[in-house]
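Trainee: The structure's right below; bear with me while I get my questions together.
Bear in mind that the values in this text are calculations on the coordinates, not laboratory data. Given the structure is predicted, the values throughout are model-derived calculations rather than measurements. Here the Cβ positions follow ideal geometry from the backbone for every residue, glycine too, while neighbour counts run over all protein chains shown.
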Amino acid sequence: MAFGRKHAVVSQEEASRYVKYEKKKGALAKSLRTQKEIWIISFLALAWVILFCYVPMAGNIIAFYQWFPGQSLANSKFVGLDNFTRFFKLPAFKTVMRNTLVISGLSLTVGFMAPIIFALLLNEIQNRLFKKVVQTISYLPYFVSWVVVASIMLFLLGTEGAINQFLMWIGFLDKPINYLSRADMFWGILTTANIWKGLGWSAIIYISAITGVDQELYQAGAVDGLGRFGKVWHITIPGILPTIVVLFILGIGGILNAGFEQQLLIGTASTQKVYEVIDTYVYKYGIQQGNYTFGTAVGLMKSIFGFFLVWLTNYISGKVLDLRIF
Amino acid sequence: MRKKSIAALMLATAMTISAMPALAEVITSQDGTIADEDLGWEKPDETVTFHVYAGDGDPEEFAADEDGGKAFMDNWLLEHMNVAFDWQVMVGDMTERLNLMLTDGSYPEIITWMPDDMANKFIAQGKAVDLTPYLEKMPNLTRRLGNYLNLMKNEDGDIYKLPINWGFNPNVAGQDFGVRYDYWLELGKEKMYETPAEWIEVMKEILANHPTNEAGQTTYGCTSDNQGKNFLYAMLGAYGFVTSGVNGYKIDDDGTYKHWLNTEDGLEFSKLVNQMFREGLIDPDFQSVDYETYTSKETNGQVLGNVGTWWYAWTGGHQKWALDEGENYNKEKRIANVAVHGDGVDFADTTLLTANFIGSYRMIITDKASEEQIENIVKFLDWEASEIGTFILGFGPPMEENVWKITEDGTWLFDDVIMDVDRKEDSYHPVKDGHGGLKYDMAIAGQWLRDDDLSDFTQIDPRVDRVSVYDYWPINPEDGSFADEGINISWGDYASRVEAKDTTMYTTVFDAYDPITDIKTNIEDAVTAGWAEIITADSEEACVAAFETLRDDCNSMGLDELTAYYEASYEKNLKIFNGEE
């Protein structure tokens, strides 16, 4: 007889679910009790995250209004999804989406693999001093601003730049090529610049993961007849696979973030049709026109889409590789 | 003991005497050649302070006051007018700052140098004071603005904003097709070129004679720091298309607007610019060049001409060479500004030089100002608009040590040393700046200070012409020609060919949420990219194809709608100006 949920006759399955629930319910309280020092230390950081990351999300409401700075929401006209549909109706929408997906795609493929390969190669260097020097030099470009990078690129790729001078000197070219004005070269140049700038820094986490691989596995592999490449393929890569998957899942959420500064600094009128991405587009039609609600709407759309992709990738990774973040 | 006393007394006397000149200097540095009662300002009993946000600038640099001009003007204003300024500048884009200020209400009583659309935002939200009831207290301002003040009216006929840096254009030159004058002389031609096509032929000869500069770098006829748009603006001017306020329209006699993309002239000059590129007259890196690189290429002789805004040829050209070479400088070594006309266009119909009387920037008094503060601000605005007020705020007070003074016969006389225009960078600008010139300007008439229907500047030194708060040009009073040989070279083939066209009525306002603004941005975007394709096309056929593609794209984006919007705006401005609305 059932005379109250707590005392009802329940099935084994229901009972185990109930136990799990009780465990979960008690876990937080227990944690607060037994780890109060850590909670106290973390309190400020948590408060900062809530105050500056979550509370401002409420401001996204302006995406549904025709709002001006200084005007209250109550006095603003509710426009529903107009700001969202405006983005799709603008003439260059298809070009912008294509550019965004291509540039992000290159970043998620070539740009994602490069630091992994670099970390693997670095791991193979025996000379410790040389390895440290190479690693240090590799992540220095990360700290160089894009303004300086643009100047470097002009110095290298300009009509009278170093590369043209060299190629003409060795007879490879008859006349210089204006690389920065070539639309067919822009994506390659941008991806290369992104890789050069981020390679060393992104490789740090993979290098750290590689050092965590059990060294006995390499000895066992040697006994089994694995060569250098075999050890990398069968031991190192599987050892750092969880790291790779986690970073990929997190990275795919930013597929619609294809840069902003780089395009504005390196792009020219001739390459506009290949460099215009969502962020530069929104800057032009939103910020520069003083239409902040449009910028908010597109940003919100990007965030929702990115979140969905992260969830989907996490789900697929869980199903296929049994690796998931959440 | 007595010896010690005598020594101390002598030392004290010597110190006192040596300090006298310094004391005297302090006293006389604030005395000028105008009495307080002649300023036209009723000095208040208590100091009046104006809190002003004046736009983008480095506050630390402003406070550091390296040229001493701020401190000088602060002292002078306090002593002679009992006025003080809390002048605020901030790093960063003014539009973004103003939007933030609107959100949190942190703006001061006065905002100046603000873009027109931001002024409209403040007005729309009730943050600006209605100046209409105060107009009768600003007789100088209303007199000098004349009918142009009507263009500040809103839909209800009220005035909430004022222009800053307004007036007729004092410049001799606007857009030009410049050439290295010394190299042009080598060609031995009798007459200066008159069309863009002739400029191309002359420049080809010059480049053939001077294929590299001293550093061995390839030379070119021109370059750009705005993705090649300077070539477009120069061509539009030569062919008589209006660019100021609108973007490249020719207005027929019957008032029909025609965008340059929909005209044969547009195709013709596009082909000319493409020819310039294909024949090596345009720097191939023109899309990656910024202003500093542009001027340095002129300075180092890599760019031997100029197509676009006239003063680029000056700042990178002879102004730099004159300072660097000093007494050895040859006046013929300069990039002369030359006016040209398109085929089938008379010089009188070109639009190379234009003038927008009301400019693009505005000033408002905000709702933070109390009634008493508004009265004081209005009073100062009117003084600023007076002839003497404009001159003092623009050039600093009149005194012997400054660039100007007032003589006994009432002439506003400029210092002899500044008549050498090649030495402006050390004899004029630093002296003017050091005496507080243009440190504080709320709604100043920055343009041509001349004697006409609106203003009375007959007292200005007859040896100078085209005086503005920024610049001046020495002339020969007998015939009005420029006194400096170099200026005559620079402008000899410009001043005699064209005059400024008043384009004020073409001023057009675009609202952020109006769909027409999207159309305008779409078309501007398309033109930026399409124009670069036209310039860099490999052949004339490819150039024509690029032109036609751009034309079709823009027409499909709503160019006709935009055209109608500009037409309606012009008609409305005309009616408002004439007081019909």
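Trainee: Can you pull a Stokes-Einstein diffusion coefficient for the protein assembly as shown at 4 °C (1.567 mPa s), Rh from Kirkwood over Cα pairs, as a whole number of µm²/s?
Mentor: Translational diffusion coefficient: 39 µm²/s.
Trainee: How long is the gain from B:Asp93 to B:Leu574 if the chain were fully straight, where each residue apart is worth 0.36 nm and the alpha carbon distance is subtracted?
Mentor: 169.9 nm
Trainee: Taking the Cα centre of the protein assembly as shown as origin and charging only Cβ (+1 Lys, Arg; -1 Asp, Glu), how large is the dipole, in debye to the nearest 20?
Mentor: Values: 72 positive and 125 negative charges, 1487 e Å.
It works out to roughly 7140 debye.
Trainee: Please name whichever of A:Gly267, A:Gly253, A:Gly318 sits farthest to the positive end of the charge dipole of chain A, dipole taken about the Cα centre and charges placed at Cβ: Lys and Arg +1, Asp and Glu -1.
Mentor: Projecting each Cα onto the dipole axis, the largest value belongs to A:Gly318.
Trainee: Another one. Counting only other chains, and only Cβ atoms inside 10 Å, what mean value do you get across the residues of A:263-271? Could the numbers behind the result be given before it?
Mentor: Details: counts 0, 0, 1, 1, 3, 10, 17, 9, 3.
Across A:263-271, the average partner-chain Cβ count within 10 Å equals 5.
Trainee: Inside 10 Å of the C-beta atoms of B:317-323, what's the mean count of C-beta atoms belonging to other chains? Before the final figure, lay out the partial values.
Mentor: Values: counts 0, 0, 0, 0, 0, 0, 0.
Per residue, the number of nearby Cβ atoms from other chains is 0 on average.
Trainee: Given the options A:Val232, A:Val147, B:Ile365, identify the residue whose Cα lies farthest towards the positive end of the charge dipole of the protein assembly as shown (+1 on Cβ of Lys, Arg; -1 on Cβ of Asp, Glu).
Mentor: Looking along the dipole axis, the top candidate is A:Val232.
Trainee: If you don't mind, another one. If you take each beta carbon of peptide A:173-184 and count the beta carbons of other chains within 10 angstrom, what is the mean? Walk me through the numbers on the way to the answer.
Mentor: Details: counts 0, 0, 1, 3, 1, 6, 1, 3, 9, 1, 2, 0.
Averaged over the peptide's residues, the number is 2.
Trainee: For chain A, what are the DSSP H helices with axial Cα length of 30 Å or more and mean Kyte-Doolittle hydropathy of at least 0.5? Show your work: numbers first, answer last.
Mentor: Working: long enough: A:12-34 (31 Å, -1.33); A:183-211 (42 Å, 0.92); A:292-320 (42 Å, 0.96).
Once both thresholds are applied, what remains is A:183-211, A:292-320.
Trainee: Please give the net charge around B:Pro44, taking every other residue with its beta carbon less than 12 angstrom from that of B:Pro44, where Lys and Arg add +1 and Asp and Glu add -1.
Mentor: Details: positive: B:Lys43, B:Lys379; negative: B:Glu42, B:Asp45, B:Glu46, B:Glu372, B:Glu375.
Residues close to B:Pro44 contribute a combined charge of -3.
Trainee: Compare the peptides B:557-570, B:262-275, A:217-230 by average per-residue count of other Cβ atoms within 10 angstrom and give them in order, highest first. Walk me through the intermediate numbers first.
Mentor: On the way: B:557-570: 17.7, B:262-275: 19.6, A:217-230: 11.9.
Highest-to-lowest ranking by the protection proxy: B:262-275, B:557-570, A:217-230.
Trainee: Something else now. Taking the Cα atoms only, what angle lies between the long axis of helix B:2-29 and the longest principal axis of chain B, rounded to 10 degrees?
Mentor: 40
Trainee: Quick one: how many lysine pairs in region A:89-320 have C-alpha atoms under 19 angstrom apart, if they're 8 or more apart or on different chains?
Mentor: Total qualifying Lys-Lys pairs in region A:89-320 comes to 10.
Trainee: Tell me, what is the FRET efficiency for B:Ala215 and B:His429 to the nearest 0.05, using R0 = 35 angstrom and their Cβ-Cβ distance as r?
Mentor: Numbers: r = 30 Å, r/R0 = 0.84.
Plugging the Cβ-Cβ distance into 1/(1 + (r/R0)^6) gives 0.75.
Trainee: Pairing the Cα long axis of helix B:371-385 with the longest principal axis of chain B, what angle in degrees results, from 0 to 90 and rounded to the nearest 10?
Mentor: 70
Trainee: As a footprinting exposure proxy, order B:Phe457, A:Phe118, A:Phe143, B:Phe231 by other Cβ within 10 Å, with the fewest listed first.
Mentor: Details: B:Phe457 15, A:Phe118 20, A:Phe143 9, B:Phe231 29.
The order, fewest Cβ neighbours first, is A:Phe143, B:Phe457, A:Phe118, B:Phe231.
Trainee: Let me ask something additional. Excluding B:Thr256 itself, what net charge comes from residues whose Cβ is under 13 Å from its Cβ, given Lys and Arg +1 and Asp and Glu -1?
Mentor: The answer is -4.
Trainee: Using the alpha-carbon atoms, what tilt in degrees (0 to 90, nearest 10) does helix B:69-81 show relative to the longest principal axis of chain B?
Mentor: Relative to chain B, helix B:69-81 is tipped by roughly 60 degrees.
Trainee: Given the -39500 (n - 2.57) contribution per DSSP H run of 4+ residues, what per-residue ellipticity at 222 nm results for chain B, rounded to the nearest 500 deg cm²/dmol?
Mentor: Values: 20 runs with 235 residues, N = 581.
Taking each H run of at least 4 residues, the total per residue is -12500 deg cm²/dmol.
Trainee: Next question. If you take the square roots of the eigenvalues of the alpha-carbon gyration tensor of region A:89-320 and sort them as a ≥ b ≥ c, do you get rounded (a/c under 1.5), prolate (a/b over b/c) or oblate? Write down the numbers at each step before the final one.
Mentor: Numbers: a/c = 2.53, a/b = 1.31, b/c = 1.93.
In terms of gyration-tensor shape, oblate.
Trainee: Across 10 Å bins from 0, what is the distribution of all Cα-Cα pair distances for chain B, in whole percents?
Mentor: Per 10 Å bin, starting at 0, the Cα pair percentages come out as 3, 15, 23, 25, 20, 9, 3, 1, 1, 0, 0.
Trainee: Related question: For A:Lys36, go through the lysines and keep the ones whose alpha-carbon is under 25 Å away, minus same-chain ones fewer than eight residues off.
Mentor: A:Lys20, A:Lys23, A:Lys24, A:Lys25
Trainee: Taking the DSSP beta bridges in the protein assembly as shown as the whole, what percent of them are antiparallel, to the nearest 5? Display every interim value, and only then the final one.
Mentor: Working: 28 of 42 bridges.
The antiparallel proportion sits near 65 percent.
Trainee: Additional query: Can you work out the FRET efficiency for the pair B:Glu79 and B:Asp511, with r the C-beta to C-beta distance and R0 = 56 Å, to the nearest 0.05? Don't jump to the answer; show the numbers that get you there.
Mentor: Details: r = 46 Å, r/R0 = 0.82.
My answer for the efficiency is 0.75.
Trainee: Provide the net charge surrounding B:Leu323, with neighbours chosen by a C-beta distance below 10 Å and charges set as Lys +1, Arg +1, Asp -1, Glu -1. Working shown, then result.
Mentor: Numbers: positive: B:Lys320, B:Arg423, B:Lys424; negative: B:Asp324, B:Glu325, B:Asp422, B:Glu425, B:Asp426.
After counting each charged neighbour, the total is -2.
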